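Quick notes on the structure that follows.
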Amino acid sequence: MIATGLETLQFDNRFTQLLPGDPQAENFRRQVRGACYSRVRPTPVAAPRLLAWSHDMAGRLGLDFDPFQTTEAAEIFGGNRLLKGMDPFAMCYGGHQFGNWAGQLGDGRAINLGEVLGRGGDRWMLQLKGAGPTPYSRTADGLAVLRSSVREFLCSEAMYHLGVPTTRALSLVATGEMVTRDMFYDGNPKREPGAVVCRVAPTFTRFGNFQILSSRKEHDLLQQLVDYTITNDFPHLGSPSAETRAEWFREVCVRTADMVVHWMRVGFVHGVMNTDNMSIAGLTIDYGPYGWLEDFDPSWTPNTTDASGRRYSFGQQPQIALWNLVQLANALFPVFGSADGLQAGVDAYTKHFNASCLAMMAAKTGLSHEHGDDAAELANELPDLLQEVETDMTIFYRALGSVELLPEQPELSGEQWSGVLSGLQDSWYQPELVPADHRVHLQEWLQRYRAMLQMQGLSDLSRQLRMNQVNPKYVLRNYLAQLAIDRAEQGDPGLIHELLQVLHNPFDEQPDKEHFSKKRPEWAKDRAGCSMLSCSS
Ligand code: AMP
Ligand code: MG
């Protein structure tokens, strides 16, 4: 096959061509008014080295070459060189952080390189994260450390293969420079290796891009951005009008609901659901102090900054997404002129979320939701049950899929029930502490589950096949990401490559990779980076 290299990428930069930019060309921190973005170049780095590459994402862009063979990919995606057709810029946006309006935030360390025309007419914005200061950097340095870049690179690709709407990652480049971070905010700053991730998405526009214009009463520009977004990012809706704008907001609400349902399916906790971290396209965006549920605890948050309020804990995510949509609706009101379309969108969120979440919970047990609500209600009892003892969510659902309930037999013997329960106990963190009560509750639930399977005519095999399509075997367990970071910081990106490969097929049994599906080891329970993370990145 002829290698298709970076020089073949075709750029068509609509955001900068069609929307007003900041006339100030100098790169210094400031408030940017009357503009959607500022042109700014990435800051060159000392010694860019390509650590990891997503061949899957590269293929989507029409790229097919070995990026490790030459220095070209490292130079371009480390920020040292631009390709012909790139027109780099940072976006202006604001946001509500932890419930409070924070004013202008903007791409403080992200620089969009340009919009690539992909295979089959799709479009992809390439964006470097950690490529140096921009007018929106406020008091920070515009850089990113290796540990947070490894986490973003691996998790966005893992989420994509789990079927969760997300921004993607193309590359991870070590800069050869050190970055100073006070990881625990305790007055002990440390020098850490720096890195740049190239993220990729159809659009990086956030709720906050609309909010900042509305907060400044730049209503003409707000309307321009709304209509630009409809025309370019939601072209199936047709040309902008009062009706299409309402339809667009509704679709934003429904896509956001879908995204959160997927998070709940796989046990993902975003950790910083500020409105500047909410994508208008309903994509998971900005992988910061995110985490994966290990023991099923809806009040768990990975973010140390959120430890007291738990605003962004696993179980709060559906409510917070709604709260964020209401902020977006408020910001859009001057363009809509009436609350009706906005209210209808917010209502659609609740309706869509509730229905999809029920269907998802049923699907996780293999039950068909179409037979009525009983199946979904039964499935919805599981979260309470799983909280009775420390139970690994991912392992539990996968194990539930493989226990033999023999629905074709009228009854199970006592011995058979013991076998069923022992098939599930691998999901318990402390099996010796599981009270007899819990076994009784679990068996009682399983009996009703078995009766439902009989009613729906679902054999063990067909149920397992269904369940294994929605319940992953492999997720980016918090401690696995940390092990990959530890090794990368020692100069060896091998575990990043291995995890990228395993997480490419998260629903498949991969017998030689079984160890990556195991419970969090004891040592990882309280280790920084494995259980709790700060925003320092
Ligand atoms: P986030 O952590 O994604 O919620 O970021 C909030 C805001 O801080 C955004 O405007 C980011 O661009 C900005 N930001 C975060 N880290 C840095 C950094 N190291 N340098 C400049 N801006 C940053
Ligand atoms: Mg952010």
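Hey, which aspartates and glutamates would be in cross-link range of LYS518, C-alpha to C-alpha under 12 Å, not counting anything within fewer than 8 residues on its own chain?
GLU294, ASP392, ASP426
So for the stretch 368-457, taking the charge dipole from beta-carbon charges (+1 Lys/Arg, -1 Asp/Glu), which of HIS438, ALA399, TRP428 sits furthest toward the positive end?
Working it through, the farthest residue towards the positive pole turns out to be ALA399.
Under a plain spin-label model, where a point goes 7 Å from the Cα along Cα-to-Cβ, how far apart in nm are ALA242 and ARG123?
Label-label distance for ALA242 and ARG123, simple model: 2.8 nm.
Give me the dipole magnitude in Debye, nearest 20, for the stretch 349-443 about the Cα centre, with unit charges on the beta carbon: positive for Lys and Arg, negative for Asp and Glu.
Result for the stretch 349-443 is approximately 340 debye, rounded to the nearest 20.
Whole angstrom only: what separates the Cα centroid of the stretch 231-263 from the Cα centroid of the stretch 89-104?
21
With a cap of 15 neighbouring Cβ atoms within 10 Å, and only residues DSSP puts in a loop, list the GluC sites (Glu not before Pro) found in the stretch 477-537.
Details: sites: GLU489, GLU498, GLU509, GLU514, GLU522; in loops: GLU509.
Here the GluC sites (Glu not before Pro) that fit, given the DSSP loop and packing criteria, are GLU509.
Please label the shape of the stretch 6-207 as rounded, prolate or oblate, based on the square roots a ≥ b ≥ c of the eigenvalues of the alpha-carbon gyration tensor (a/c under 1.5 means rounded; beyond that, a/b larger than b/c means prolate, else oblate). Walk me through the numbers on the way to the answer.
On the way: a/c = 1.43, a/b = 1.12, b/c = 1.28.
The shape class here is rounded.
If one takes the longest principal axis of the Cα atoms in the chain, at what angle in degrees, from 0 to 90 and to the nearest 10, does the Cα axis of helix 219-233 lie?
Taking Cα atoms only, the helix is inclined about 60 degrees.
Once the Cα atoms of helix 478-489 and of the chain are each reduced to a long axis, what angle between those two axes, in degrees from 0 to 90 to the nearest 10, is obtained?
50
Go through the stretch 316-328 residue by residue and turn each phi into a ³J(HN,Hα) via Karplus (6.51, -1.76, 1.60, θ = phi - 60°); whole Hz please, and just put x for glycine and proline.
Each residue of the stretch 316-328 in turn: 7, 4, x, 5, 5, 4, 5, 4, 5, 5, 5, 5, 5 Hz.
On a full-extension model of 0.36 nm per residue, what is the gain between ARG41 and ASP512, subtracting their alpha-carbon distance, rounded to one decimal in nm? Write out the running numbers ahead of the final one.
Details: separation 471, 0.36 × 471 = 169.56 nm, distance 4.44 nm.
Gain on stretching ARG41 to ASP512: 165.1 nm.
Among CYS253, SER241, GLN316, whose Cα projects farthest towards the positive end of the dipole of the stretch 237-363, with charges put on the beta-carbon of Lys, Arg (+1) and Asp, Glu (-1)?
SER241
Rounded, prolate or oblate: which one fits the stretch 368-457, using the alpha carbon gyration tensor with axes a ≥ b ≥ c (rounded when a/c is under 1.5, else prolate when a/b beats b/c, else oblate)?
Details: a/c = 1.93, a/b = 1.33, b/c = 1.44.
Judged from the Cα gyration tensor, the stretch 368-457 comes out oblate (a/c at least 1.5, b/c at or above a/b).
Just report the Cα centroid separation between the stretch 376-424 and the stretch 315-374, whole Å.
30
List the lysines whose Cα sits under 21 Å from the Cα of LYS351, skipping any in the same chain fewer than 8 residues away.
LYS364
Take LEU18 and LEU483, extend 7 Å from each Cα along the Cα→Cβ direction, and tell me the distance between the two endpoints in nm.
4.6
At 7 Å along the Cα-to-beta-carbon direction for both TRP101 and ASP182, put a label point, then send me their distance in nm to one decimal.
2.9
Return a whole-number percent for the relative contact order of the stretch 289-446, with Cα pairs under 8 Å and 6 or more residues apart as the contact set.
Working: 129 pairs, mean separation 31.8, N = 158.
Once divided by the residue count of the stretch 289-446, the mean separation gives 20 percent.
Is any residue of the stretch 374-397 close enough, with backbone N under 17 Å, to a label point placed 7 angstrom from the Cα of ALA451 along the Cα-Cβ axis, and if so, which?
Only 374-382 fall inside the zone, counting backbone N under 17 Å.
Treating cross-link reach as a plain straight distance, find the lysines whose alpha-carbon is under 21 Å from the alpha-carbon of LYS513, omitting any fewer than eight places away in the same chain.
In chain and number order, the partners are LYS473.
Which cross-chain or sequence-distant (5 or more) residues have an amide H under 5 Å from the amide H of LEU533, H modelled 1.01 Å from N in plane?
ASN303, THR304
Decide, for the stretch 154-216, between rounded, prolate and oblate: order the square roots of the alpha carbon gyration tensor eigenvalues as a ≥ b ≥ c, take rounded if a/c falls under 1.5, and otherwise choose prolate if a/b is larger than b/c, else oblate.
On the way: a/c = 2.20, a/b = 1.27, b/c = 1.73.
Oblate, since a/c reaches 1.5 and b/c is not below a/b.
Per DSSP H run of at least 4 residues, take -39500 (n - 2.57); add these up for the chain, divide by its residues and hand me the 222 nm value, nearest 500 deg cm²/dmol.
Here the helix-only value at 222 nm equals -12500 deg cm²/dmol.
At 0.36 nm per residue, and after removing the present C-alpha to C-alpha distance, how many nm does the segment from LEU406 to ARG527 gain when stretched out fully?
Values: separation 121, 0.36 × 121 = 43.56 nm, distance 4.21 nm.
Extra length available between LEU406 and ARG527 comes to 39.4 nm.
Relative contact order (percent) for the chain, with alpha-carbon contacts under 8 angstrom and 6 or more residues of separation?
Values: 1070 pairs, mean separation 74.7, N = 537.
RCO, the chain: 14 percent.
Charges only on Cβ, +1 for Lys and Arg, -1 for Asp and Glu: so what's the dipole of the stretch 237-363 about the Cα centre, in debye to the nearest 20? Numbers along the way, then the final one.
Values: 7 positive and 12 negative charges, 22 e Å.
With Lys and Arg at +1 and Asp and Glu at -1, about 100 debye.
Round to the nearest 10 and give me the degree value, 0 to 90, for the angle of helix 414-424's Cα axis relative to the longest principal axis of the chain.
20
Bear in mind that the values in this text are calculations on the coordinates, not laboratory data. These numbers come from a predicted model, not from an experiment. Here the Cβ is made from the backbone with ideal geometry for all residues, glycine too, and neighbour counts use every protein chain on show.
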